[in-house]
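Here's the structure, in structure tokens; my notes come after.
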Amino acid sequence: MQQTIPQPKIEDDEEVTYEVTTAAVKRSVHLFSALQSTHGHWPAENSGPMYYIPPLVMSLYITGHLNTIFSREHRKEILRYIYCHQNEDGGWGLSIGVHSTMFCTTLNYICMRLLGVGPDGGLNNACERARKWILDRGAVTTISSWGKTWLSLRQELHTEPYDEIDWSKKRHLCAKEDLHYPHTLLQILLWDSLYLFSEPLLNRWPFNKLRKKALKVAMDLIHYEDENSRYITIGCVEK
């Protein structure tokens, strides 16, 4: 693109005129018009964080639309991106170039498996190396709280039979690579109190009515955000 409108320059003590302002606006319109795709949107690279694509792949797999939405070429490029940003130790960090975490290593491992990569497959044995990283650090039950939501592989990433795992005892486990700040005693007591007392209480009448109302308010807010943003939302994580 070549700008045909001269760049206006204003000194500190110079008055901002209508003509100068108009020229600046026209230059901006010219630039954004050139960047707009033929489909009408403005494409942009959203790379860096390594936890964007895996949840999308998992959601499409769960809903049965993975092969409908992602063509063979899409799957190939997703895997290429994952392979290129795997750390030397076999894991993936929260973003490109940072130390590996249980959270992102697990998500990207599951993503590769759902896209058809074998348990020991992938470029330079990507899956095997990632699984070793996970198992060497206490297995996937030490993933951070956000990651526990996405656990779907029940055999490859655990050091004990899945059906025998006592999840109540795993609640406070977090790999040291994922622990940005140690849990305080007060925080642990609060979490345990919510689990042992508040959760059973809110499932009984009449408190379950309050829970039902709260869930409805939460869902209404989610639907409002979807409709208000035309299902774009404020970012890919919200999807």
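For Lys176, go through the lysines and keep the ones whose alpha-carbon is under 29 Å away, minus same-chain ones fewer than eight residues off.
Cross-link targets: Lys132, Lys148, Lys239.
What number, rounded to the nearest 500 deg cm²/dmol, is the helix-based mean residue ellipticity at 222 nm of the chain, given -39500 (n - 2.57) per DSSP H run of at least four residues and division by all its residues?
-14000 deg cm²/dmol
Sort the following peptides by mean Cβ neighbour count (other Cβ atoms within 10 Å, averaged over residues), highest first: 163-169, 28-34.
28-34, 163-169
Near the amide H of Thr101, under 5 Å away, which other amide H atoms are found, from residues 5 or more places off or on another chain, if H is placed in the peptide plane?
The answer is Trp92, Gly93, Leu94.
Would you mind computing the Rg to Rh ratio of region 1-44 from its alpha-carbon coordinates, Kirkwood style for Rh?
Looking at region 1-44, the ratio lands at 1.12.
Place a label point 7 angstrom from the Cα of Asn208 along the Cα-to-Cβ direction, then list the residues of region 138-179 whose backbone nitrogen is under 14 Å away.
Correct set: none at all.
For the chain, what does the relative contact order come out to in percent, with C-alpha contacts under 8 Å and a separation of six or more?
Reported as a whole number, the value is 12 percent.
What's the FRET efficiency of Thr149 with Asn124 using the Cβ-Cβ distance as r and R₀ = 30 Å, to the nearest 0.05?
Computed FRET efficiency for Thr149 and Asn124: 0.55.
Taking 22 Å as R0, compute the FRET efficiency from the Cβ-Cβ separation of Leu221 and Leu194 and round it to 0.05.
About 0.55, to the nearest 0.05.
Per Stokes-Einstein, at 10 °C and 1.306 mPa s, what whole-number D in µm² s⁻¹ belongs to the chain, with the Kirkwood radius over Cα pairs as the hydrodynamic radius?
Reported coefficient: 72 µm²/s.
Quick one: Debye curve from the C-alpha atoms of region 185-229, no solvent, what's log10 I(q)/I(0) at q = 0.15, 0.30, 0.33 Å⁻¹?
Normalising to I(0) and taking log10 leaves -0.56, -0.92, -1.00.
With each label point set 7 Å from Cα along the Cα-Cβ vector, what nm distance links Thr184 and Ala44?
3.6 nm
Assuming 0.890 mPa s and 25 °C, estimate D for region 42-111 with Stokes-Einstein, Rh taken as the Kirkwood radius over Cα pairs, in µm²/s.
194 µm²/s
Please turn the phi angles of region 56-67 into ³J(HN,Hα) values with the Karplus equation 6.51 cos²θ - 1.76 cosθ + 1.60 (θ = phi - 60°), one per residue in order, whole Hz, x for glycine and proline.
5, 4, 5, 5, 5, 5, 4, 7, x, 10, 4, 6
Which percent of the accessible area of region 1-44 is formed by carbon and sulfur heavy atoms (probe 1.4 angstrom)?
55 percent
Counting every Cα pair in region 74-126, what percent are over 14 Å apart?
46 percent
The values are calculated or read from the model by the stated rules, or taken from the named source; none is laboratory data. If you're wondering where the values come from, they're calculated on a predicted model, not measured in any experiment. Neighbour counts run over all protein chains shown; Cβ positions are idealised from the backbone, glycine included. Side chains are part of the model used for accessible areas, which takes the heavy atoms of the whole protein and leaves out ligands, DNA and RNA. Shrake-Rupley method; radii C 1.70, N 1.55, O 1.52, S 1.80 Å.
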